[in-house]
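> The structure that follows is given in the form of structure tokens.
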Amino acid sequence: MESYYTYYDIAEKLNIGVDTVRRHVNKVKKELDLNPVKQKTVSSKGSLVNCLSTDDTNTFINYFETKEESSDKNDLLTTSRYGFFYIIQLIPEFNPNRVKIGFADNVEKRLKEHQTASPTAKLVGKWNCKRAWDQCVMDSITRENCKLVLNEVYEGDLSEFIKRTDDFFANMPKPENRVILSEHSPMKKK
């Protein structure tokens, strides 16, 4: 029986967000001949989740790491270093404290994707965010007074989610800020 890795397993191995895995698998699946499947896993408690076979996982990880190390700053993995962290109420009329949190390059498009399954889903807030901060923001705002439903869906007091997110970003630099290179840095062009 073939082994499968969930997109969450792959995200953990690469130390990136699961949305990044999902987005890039979709972009390169034809090129790399990847065959994503939905499987029930122990970690998903019987729910169908996106997975790749062991071979496809290794191919994707190798490709991702190779592209990430690439010096070409215009490749597909570096074009979207910045985007938005968002909070979406999935079913506000039924459970206003159930939210989907995550990172997206285009929040309005992401909201529309959620509205295909939850037509009344509503954007609660979005914050300018570096892609690299995605998992840190999630860990920070879900550290207390909330419960994980599945994937990036949580239940908790909506106002607390917003306050913790505001507090997180209040302590972060503006995403577009760059650290100035030392004149002694080997990265500085001569």
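> For the chain, what does the relative contact order come out to in percent, with C-alpha contacts under 8 Å and a separation of six or more?
Dividing the mean separation by the residue count of the chain yields 16 percent.
> A follow-up question, please. Given a 10 angstrom Cα cut-off, can you work out which residue in Gly156, Gly83, Gly46 is the most mobile in a GNM of the chain?
Top of the fluctuation ranking is Gly46.
> With a 1.4 Å probe and all protein chains kept in place, how much accessible area does Ser3 have, in Å² rounded to the nearest 10?
Approximately 70 Å² for this residue.
> Measuring with a 1.4 Å probe in the full set of protein chains, what accessible area per residue, in whole Å², belongs to the chain?
62 Å²
> Taking the Cα centre as origin and putting +1 on Lys and Arg beta-carbons and -1 on Asp and Glu beta-carbons, what dipole magnitude results for the chain, to the nearest 20 debye?
Its charge dipole is roughly 460 debye.
> Here's another thing I want to ask about it. Size of the chain along its principal axes in angstrom, Cα-based, largest extent first?
In descending order, the Cα extents are 60, 49, 27 Å.
> Calculate for the chain the 222 nm mean residue ellipticity that helices alone would give, adding -39,500 (n - 2.57) per DSSP H run of length 4 or more and normalising by residue count, nearest 500 deg cm²/dmol.
Helices in the chain give a 222 nm mean residue ellipticity of -11000 deg cm²/dmol.
> Then there's this: Rounded to a whole number, what % of the accessible area of the chain do carbon and sulfur atoms account for, probe 1.4 Å?
50 percent
The values are calculated or read from the model by the stated rules, or taken from the named source; none is laboratory data. As the structure is a computational prediction, the values presented were derived from the model and not from experiment. Neighbour counts are summed over all protein chains in view; Cβ atoms, including those assigned to glycine, are modelled from backbone coordinates with ideal geometry. Calculation scope for accessible area: heavy atoms of the full protein, side chains included, ligands and nucleic acids excluded. Shrake-Rupley method; radii C 1.70, N 1.55, O 1.52, S 1.80 Å.
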